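Following: one structure in structure tokens, then a few remarks.
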Amino acid sequence: MAAKSKGKPNREFSSLIKGYLIFYNVAQVLGWSYLLYLIFTYYVASPKEVPLWDTVKLVVVIFQNTAVLEILHAATKLVPSNVLITVFQVFSRVLVVCGVLLATPTGPTSPGLPLALVAWSITEVVRYLYYALNLLGTVPYLLVWCRYTLFIALYPIGVTGELLCLYAAQAYVAQKKLWSLEMPNALNLTFSYHYFLLFIMFLYIPLFPQMYLHMFAQRRKVITDGTSKKVK
């Protein structure tokens, strides 16, 4: 009897977690799908009364910053994601959104903005839909293929867009000394946000190949190996 009484709360807790994760992923699918719709209608509509960033800003800020929860999901083992990889993926985008696009007038005018937004949107719609259906135990093969194939083009496009936005912002940051701390000051510290942005840009050089190759390894494991096993 004691074992049964312990098992029921655990099952209820697991169901609650599963329900929360399904809700989170479905909400993200809807949010990023809406962003894709806004981008599409922006370029189809004519004339353009406001800049692209002003059109999509609220949606991007809400749904990209909500992704910070994924670090918590990974850290608490709610999902089997690698914590360090999750931190880098989420942090790099949040930095672009909050530290570049919201913080400077030059970041949103970069040609990298539509590249980043389109790549992010398609990637996230596919990824979150995959996660949601996986929790429900029904993922069509086409979605699996998209999840582990579209990144081949979308990941470099997204990274290129992010870097272009960072580059467009860094000159303004240097000129205005945005979010920088110079000596002398009460804290006796110095910090250059300009150099910080440059450091982040250079950080893409060693990290991007690792992340990209990691995705190829995942693709080989899920699609190539999985297909060969089915054939056998």
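For the stretch 176-214, a residue qualifies if it is assigned to a helix (DSSP H, G or I) and of a type in the set (Lys, Arg), and exactly one does: Lys176. Of all residues in the stretch 75-92, which are more than 14 Å from Arg127 (Cβ to Cβ) and aliphatic (A, V, I, L, M)? Of everything in the stretch 75-92, those that are more than 14 Å from Arg127 (Cβ to Cβ) and aliphatic (A, V, I, L, M) turn out to be Ala75, Leu78, Val83, Leu84, Val87.
Condition (residue is surrounded by 15 or more Cβ atoms within 10 Å (Cβ to Cβ) and either among the charged types (D, E, K, R) or assigned to a loop (DSSP other than H, G, I, E, B) (or both)) applied to the stretch 129-138: is it met by at least one residue? No, because not a single residue in the stretch 129-138 is surrounded by 15 or more Cβ atoms within 10 Å (Cβ to Cβ) and either among the charged types (D, E, K, R) or assigned to a loop (DSSP other than H, G, I, E, B) (or both).
Taken together, the values in this text are just the output of simple stated rules run on the coordinates, not laboratory data. Here the structure is a predicted model, which means the values were calculated and not measured. Neighbour counts run over all protein chains shown; Cβ positions are idealised from the backbone, glycine included.
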